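Working notes, structure below.
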Amino acid sequence: MDVLDDYTGHVDPNGPAARRTLGELTITKLSVGAMDNNTYLLVCRATNEALLIDAAADPTRISDLVGHTLERPRLKTVVTTHRHQDHWGALGAVAGANGSNTVAHELDAPVLPIPPDQLVSHGDTVMVGRVPLSVIHLRGHTPGSIALLYRSASEGAHLFTGDSLFPGGVGRTTSPEDFTSLFTDVKERIFDVLPDDTWFYPGHGDDSTLGKERPHLDEWRARGW
């Protein structure tokens, strides 16, 4: 698989992956499936251990992303950000092929095609090699939607938001109550505690930063989506 090292936050369906290299981690983004889902491969540079966020579709392309050489990372963990099927279509195939542990929030776990090996809640930690990722529960898109946060003292915060936060607004909700819940969690658990240079990686489409989106929070609240 072709992998571009000039990371911009954009990848094309059926196109090459894009890799960002940080001090402790590499982050590689790939679009898979008919709904242009993003899957993210995080690799600890010290241990060559990997974690995949959302085995959404196209298990063959995900396998190519992990690699086939002896130097390929060990895909130890697959995290599912929420229960919607377009985010776990390849979960069984990818986890089974790699002997990976699977992770999800307890409220969305019963809907997944295989029982998670690890259930997580708000404030828990998931490891990729030696690197900790903090679990942020964002209630509203689904009951058990989660984001994963990596924070580096020298390279800022990197947030994987699933379908709870996109450039231009929070994720889809099906009632005013769910919108209020999701907007409140996104504001209080993300925007109120993380800086503007936080880069976030959504479940579909391009990346953004909190600083770019922050001026529009009142607009999102007023329109209700």
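The values are calculated or read from the model by the stated rules, or taken from the named source; none is laboratory data. Note that the coordinates shown come from a computational prediction; the quantities given were computed from them, not determined experimentally. Cβ placement follows ideal geometry from the backbone for every residue including glycine, while neighbour counts extend to all protein chains displayed. Side chains are part of the model used for accessible areas, which takes the heavy atoms of the whole protein and leaves out ligands, DNA and RNA. Shrake-Rupley method; radii C 1.70, N 1.55, O 1.52, S 1.80 Å.
What the table shows:
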{"quantity": "Criterion (buried (at least 20 other Cβ atoms within 10 Å of the Cβ) and among the hydrophobic types (A, V, I, L, M, F, W, C)) met by exactly one of 149, 119", "calculated": "149"}
{"quantity": "Matching entry among 74, 83 (being over 26 Å from residue 21 (Cβ atoms), open to solvent by 50 Å² or more (accessible area, probe 1.4 Å) and modelled with pLDDT of 95 or more)", "calculated": "83"}
{"quantity": "Selection count, the range 1-18, where residues are within 16 Å of the chain's Cα centre (by Cα) and without any contact (Cβ under 8 Å) to a residue 24 or more places away in the chain", "calculated": "1"}
{"quantity": "Among residues of the range 16-43, those that are under 13 Å from residue 58 (Cβ atoms) and either among the charged types (D, E, K, R) or touching a Pro at 6+ places or on another chain (Cβ under 6 Å) (or both), counted", "calculated": "2"}
{"quantity": "From the options 174, 102, 184, 180, residue that is of a type in the set (Val, Ile, Thr), open to solvent by 60 Å² or more (accessible area, probe 1.4 Å), over 22 Å from residue 21 (Cβ atoms) and outside any loop (DSSP other than H, G, I, E, B)", "calculated": "180"}
{"quantity": "Of all residues making up the range 31-64, the number that are over 18 Å from residue 158 (Cβ atoms) and open to solvent by less than 20 Å² (accessible area, probe 1.4 Å)", "calculated": "6"}
{"quantity": "Flag for residue 31 being polar (S, T, N, Q) and under 22 Å from residue 205 (Cβ atoms)", "calculated": "yes"}
{"quantity": "Matching entry among 54, 36, 64, 58 (being charged (D, E, K, R), within 13 Å of the chain's Cα centre (by Cα) and within 25 Å of residue 112 (Cβ to Cβ))", "calculated": "54"}
{"quantity": "Identity of the residue in the range 67-83, more than 18 Å from residue 44 (Cβ to Cβ) and of a type outside the set (Val, Ile, Thr), that ends up nearest to the chain's Cα centre (by Cα)", "calculated": "82"}
{"quantity": "Check on residue 110, free of Cβ contacts under 8 Å to residues at least 60 places away in the same chain, open to solvent by 10 Å² or more (accessible area, probe 1.4 Å) and assigned to a loop (DSSP other than H, G, I, E, B)", "calculated": "no"}
